[in-house]
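Encoded as structure tokens, the structure appears first; notes follow it.
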Amino acid sequence: MTTRILTGITTTGTPHLGNYAGAIRPAIVASRQSDADSFYFLADYHALIKCDDPLRIQRSRLEIAATWLAAGLDVERVTFYRQSDIPEIPELTWLLTCVAAKGLLNRAHAYKASVDKNVDAGEDPDAGITMGLFSYPVLMAADILMFNAHQVPVGRDQIQHVEMARDIGQRFNHLFGKGKEFFVMPEALIEESVATLPGLDGRKMSKSYDNTIPLFSSAKEMKDAISRIVTDSRLPGEAKDPDNSHLFTLYQAFATKEQSNEFRTDLLQGLGWGDAKQRLFQLLDSELGEARENYHRLIERPADLEDILQAGAQKARRIATPFLGELREAVGLRSFRETTQTVAATKKKASKGARFVSFREDDGSFRFRLLAADGEQLLLSRTFADGKAAGAVTKQLQQGGELDIRTQGDAFTVWLEGACVADSPAFADAVARDAAVENLKLALAPQQD
């Protein structure tokens with residue numbers, strides 16, 4: 001079974017070593033699993049809640065996009081997009097807002113913390129609190145529910161928001177589903193093994209503490225930052241305590257088990273802090289050096305990043321647009337031109353309008369597409385050496401008969417005489433895939449007058 005995983009990073013700052021070890025690196029590793037369908041996005045609408053500096057948000061969007069790609073994210077395997085490029089998300093946010101209980105949002109940790117801070121300061125409880133902050137959990141619910149994510153990797157402070165997404169999704173299903181579950185119920189995925197890195201002063205690495213090590217700063221800047229890591233006053237030759245050393249914790253997050261054991265032994269035997277910091281620098285420079293070069297290359301080519309993100313948005317919207325259409329239909333936002341039809345009548349009409357389109361690739365090979373009446377691509381053929389061979393396969397398919405359709409993940413293939421001749425696009429899930437198989441059979445069935 002394919003598991004859909006969704007992760008977003010808010011675009012309000014420059015990625016640092018803690019972001020990489022705690023979120024980016026494990027997410028990229030997880031995306032390479034054969035049973036993972038991963039969605040990664042830049043949460044730039046969320047950034048507007050925290051930041052009113054347009055230049056900072058724009059720069060952060062660029063830096064975070066470049067960071068994901070430089071760190072090894074394969075955009076062919078995953079869906080990588082900007083939140084603001086998916087107009088269906090704010091529309092879904094409103095649909096969910098209309099069913100979300102205010103009492104539920106009153107209990108959100110971020111809102112309650114702001115209220116408590118105001119009360120302690122003798123201010124009006126809601127002083128300075130925007131609707132963006134108050135409604136943050138609904139926007140996050142829309143991010144998750146739009147793509148029916150099964151798992152959402154989050155820190156412990158975000159578990160409540162995933163639970164709220166479940167509550168809101170269940171409420172929508174109950175009111176408008178009529179027996180259909182529009183939304184799957186997401187689960188918060190807590191990675192206990194994922195590192196929470198200490199900063200230069202030993203507190204959690206955070207921009208708010210000004211204690212970070214920038215991820216892709218120059219080698220000199222990284223070395224200077226490492227030199228500022230707070231250590232105890234023990235001199236070279238005196239035994240150090242690795243388990244209470246922030247420097248050792250940082251080293252462990254990037255070293256192999258053998259390297260960590262060796263470093264621990266050397267600290268216990270009196271390795272000086274200066275030499276220890278040099279070893280940490282060498283380790284980080286070795287792991288991040290190539291990615292750093294890729295990062296700066298990407299930063300200098302923002303148009304390429306834009307193309308990648310636009311392609312990711314198109315991929316995401318192939319799921320979001322028809323799904324939102326279903327949701328609009330469910331709540332009563334329907335076109336006056338539409339008349340109620342049975343599903344069978346709709347499918348029959350669509351099948352009569354299906355058509356084959358042949359074309360030639362740049363390398364001289366031939367292919368064909370099978371398009372539904374609405375223009376949706378049902379099949380894309382494999383390549384053929386000449387147009388005659390492609391035409392022969394098209395003719396066989398048009399003649400109808402028993403089809404050899406083989407499902408594979410969220411897609412399927414069509415075979416003739418033991419050879420694969422065409423592939424379907426990837427669908428949102430197995431349910432959508434099976435529906436497409438039925439539509440294909442209707443489209444290729446002989447028509448009777």
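Details
- Index of the failed condition, Leu324 passing every other in (1) aliphatic (A, V, I, L, M); (2) under 28 Å from Pro15 (Cα atoms); (3) modelled with pLDDT of 95 or more: (2)
- Answer from Pro186, Pro153 - the residue that is open to solvent by less than 70 Å² (accessible area, probe 1.4 Å) and within 28 Å of Ala330 (Cα to Cα): Pro186
- Selected residue (only one of Gly274, Gly325, Gly312 is under 24 Å from Ile213 (Cα atoms), among the small types (Gly, Ala, Ser), part of a helix (DSSP H, G or I) and out of contact with any helix residue (DSSP H, G or I) (no Cβ under 7 Å at 6 or more places or on another chain)): Gly274
- Among residues of the range 430-444 being open to solvent by 60 Å² or more (accessible area, probe 1.4 Å) and hydrophobic (A, V, I, L, M, F, W, C), the one that is farthest from Arg355 (Cα to Cα) is Val431.
- Checking each residue in the range 129-168 for being closer than 14 Å to Val99 by Cβ and in contact (Cβ under 8 Å) with a residue 60 or more places away in the chain picks out Met164, Asp167, Ile168.
One line per residue, one yes/no per condition, for (1) of a type outside the set (Asp, Glu); (2) open to solvent by 10 Å² or more (accessible area, probe 1.4 Å); (3) closer than 21 Å to Gly155 by Cα:
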residue	(1), (2), (3)
Arg25	yes, yes, yes
Asp53	no, yes, no
Thr93	yes, yes, no
Lys112	yes, yes, yes
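- Qualifying residue in the range 353-376 (condition: open to solvent by 40 Å² or more (accessible area, probe 1.4 Å), in contact with a helix residue (DSSP H, G or I) (Cβ under 7 Å, 6 or more places away or on another chain), among the small types (Gly, Ala, Ser) and within 26 Å of Ala316 (Cβ to Cβ)): yes
- Criterion applied to Arg301, Arg264, Arg318, Arg292 was being charged (D, E, K, R), out of contact with any Asp or Glu (no Cβ under 6 Å at 6 or more places or on another chain) and under 21 Å from Tyr20 (Cα atoms), and the one residue passing it is Arg292.
- The set of residues from the range 202-242 being over 28 Å from Asn294 (Cα atoms), touching a residue at least 40 places away in the same chain (Cβ under 8 Å) and among the polar types (S, T, N, Q) comprises just one member, Thr231.
- Number of the exception - Ser233 against (1) surrounded by fewer than 16 Cβ atoms within 10 Å (Cβ to Cβ); (2) closer than 18 Å to His16 by Cα: (2)
- Within the range 278-313, the set of residues being of a type in the set (Ser, Thr, Tyr) and open to solvent by 70 Å² or more (accessible area, probe 1.4 Å) comprises Ser286 only.
- Some residue of the range 71-91 being part of a helix (DSSP H, G or I), under 16 Å from the mean Cα position of the chain (by Cα), at negative phi and among the aliphatic types (A, V, I, L, M): yes
The values are calculated or read from the model by the stated rules, or taken from the named source; none is laboratory data. As the structure is a computational prediction, the values presented were derived from the model and not from experiment. Reconstructed Cβ throughout: ideal geometry from the backbone, glycine too, with neighbour counts over all protein chains shown. Surface areas here come from the heavy atoms of the whole protein model, side chains and all, with no ligands, DNA or RNA. Shrake-Rupley method; radii C 1.70, N 1.55, O 1.52, S 1.80 Å.
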